[in-house]
1. Take the residues of segment 51-92 that are outside any loop (DSSP other than H, G, I, E, B) and β-branched (Val, Ile, Thr): which is modelled with the lowest pLDDT?
2. Looking only at segment 12-33, count how many residues are among the basic types (Lys, Arg) and either over 19 Å from the mean Cα position of the chain (by Cα) or over 15 Å from Ile88 (Cα atoms) (or both).
3. Out of the residues in segment 73-86 meeting the condition of being in contact with a strand residue (DSSP E or B) (Cβ under 9 Å, 6 or more places away or on another chain) and closer than 19 Å to Glu61 by Cβ, tell me which one is surrounded by the most Cβ atoms within 10 Å (Cβ to Cβ).
4. Hey, could you check segment 178-197 for residues that are surrounded by fewer than 21 Cβ atoms within 10 Å (Cβ to Cβ) and touching a Pro at 6+ places or on another chain (Cβ under 9 Å) and say which is nearest to Glu61 (Cα to Cα)?
5. Do you know which of the residues in segment 123-177 that are surrounded by 17 or more Cβ atoms within 10 Å (Cβ to Cβ) and among the polar types (S, T, N, Q) is nearest to Val71 (Cα to Cα)?
6. What are the pairs with Cβ atoms under 6 angstrom where one residue, in segment 160-178, is free of Cβ contacts under 8 Å to residues at least 24 places away in the same chain and the other, located anywhere, is in a loop (DSSP other than H, G, I, E, B) and surrounded by fewer than 21 Cβ atoms within 10 Å (Cβ to Cβ)? Sequence gap at least six, or different chains.
7. Under 9 Å between Cβ atoms, which residue pairs at least 6 apart in sequence (or on different chains) link something in segment 28-54 that is farther than 18 Å from Phe192 by Cβ and among the basic types (Lys, Arg) with a partner that is buried (at least 18 other Cβ atoms within 10 Å of the Cβ) and modelled with pLDDT of 95 or more?
8. State whether one or more residues within segment 41-50 are assigned to a helix (DSSP H, G or I), touching a Lys or Arg at 6+ places or on another chain (Cβ under 9 Å), surrounded by fewer than 17 Cβ atoms within 10 Å (Cβ to Cβ) and modelled with pLDDT of 95 or more.
Amino acid sequence: MELLLIRHGLPVRRELSEGIADPELSTAGHEQAKHLAEYLSSERIDALYSSPQQRALQTAEPIALDKGLGVEVVEDVAEWDRNASFYIPVEELKATNDPRWQAMVRGEWNVDGDTMEEFRDRVVQAVEGVVARHDGHRVAISCHGGVINAYLAHVLGLPVGQGFFYPNYTSINRVMASQRGHRSVMTINETFHLRGTGLPIGLLHT
């Protein structure tokens, strides 16, 4: 089967004094999601899954509309900061050299209390559960940068850490997965659909 791990579009910035931020997509994020759906319109997609967080669900919506699919929520592909009271796009943190960016680079920033090993185990188990249900299918999961890093690092046999690459907004990251357990990374950071749009990409720009 072919697995598409899709990072959400650009969310709004949100900082609360208490409660869970869970930001929605920005105007640019909605435009990114529309371009993503148009790019995937020529591909068969048999099932569509999403993290429970708003930015991932809203990224999946245009694909679901185009394909006539429902979106099934998978709780365990939520991001590691799902209960945080703030969301600041990482490129903003980097631009200001925010202490939270420095902690992320060191692999030390942890909002929800899980270790990186626990987070990775949760993500891998959830994604493998989806794979097991879809022999011979092409399936998309709308999720998050940390989730994508965790699963791809697992497939590539890399050590547990904060992340080995930066998934751009609405990037597609493809994995071929056999029912015998073989996993192959086919593409990383596929963002052809954003070229020439003038929309933000993330830390990396075209």
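1. Top of the filtered list is Val90.
2. 0
3. Here the residue is Val77.
4. Asn189
5. The selected residue is Ser142.
6. Phe164/Leu158
7. Arg44/Lys67
8. yes
The values are calculated or read from the model by the stated rules, or taken from the named source; none is laboratory data. Worth saying up front: this structure is predicted, and the values here are computed from it rather than measured. Ideal geometry is used to build each Cβ from the backbone, glycine not excepted, and the neighbour counts take in all protein chains shown.
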